[in-house]
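Enquirer: Got a structure for you, questions after.
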Amino acid sequence: MSVSEVRDGIPALMARLWRYALVLAGSRDHAEDLVQATCLRALERESQFTPGTRLDHWLFSIQRSIWLNQMRASRVRAGQGLVDAVEALSLDGAHEIETNIAARQVLAAVGRLPEAQRETVLLVYVEGYTYREAADALGIPIGTVMSRLAAARGALAKPAAPPPQT
């Protein structure tokens, strides 16, 4: 892949970059900033992309690195501007409404997972990474990926607590 192919490949991956940024950052504003920073860094360092490797993996690694650096610098803005799954999805037409209701429920449940489990779930179940690819992207052993996914599946299998009765 040439340098121009990196530039040409980024627009096709924007939705995936946005989705991953939203999982990492937890707010639309921070996700938008993270996607912009990722694209900027990728364009600045496009000569470092290894031809024959996957552009999406490279971009996700850049995005995660930027997020980790931001976290270290400001120690996460706890509880500020978390994205509500209801607002994140559009509601157009009957089929889309049904699909979005299910997606909202899944997103809400995934959103309640600890950060490490959320990002692992996203990479493996949404982005289709193999366990090895996810482990490499996250810089963790493959056993940790399996452990996080098992814990996430267990948490997601439990029914959500019913609302308090008045």
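Enquirer: What pairs can you find where one residue is in the stretch 7-23 and in contact (Cβ under 8 Å) with a residue 60 or more places away in the chain, the other is of a type in the set (S, T, N, Q), and their Cβ atoms are less than 8 Å apart, with a gap of 6+ or different chains?
Expert: TYR20/GLN63
Enquirer: Working only within the stretch 30-48, note down all residues that are more than 21 Å from the chain's Cα centre (by Cα) and either within 11 Å of ILE62 (Cα to Cα) or touching a residue at least 24 places away in the same chain (Cβ under 8 Å) (or both).
Expert: Hits for the stretch 30-48 are ARG45, GLU46, SER47.
Enquirer: Among the numbered criteria (1) surrounded by 15 or more Cβ atoms within 10 Å (Cβ to Cβ); (2) farther than 26 Å from ALA151 by Cα; (3) modelled with pLDDT under 85, which one does GLU87 miss?
Expert: It fails just one condition, (1).
Enquirer: While we're on this one: Pull up the stretch 123-132, narrow it to residues that are in a helix (DSSP H, G or I) and within 9 Å of the chain's Cα centre (by Cα), then point me to the one that is modelled with the lowest pLDDT.
Expert: Among them, the one singled out is VAL126.
The values are calculated or read from the model by the stated rules, or taken from the named source; none is laboratory data. Worth saying up front: this structure is predicted, and the values here are computed from it rather than measured. Heads up, the Cβs are rebuilt from the backbone with ideal geometry, glycines too, and the neighbour counts pull from every protein chain shown.
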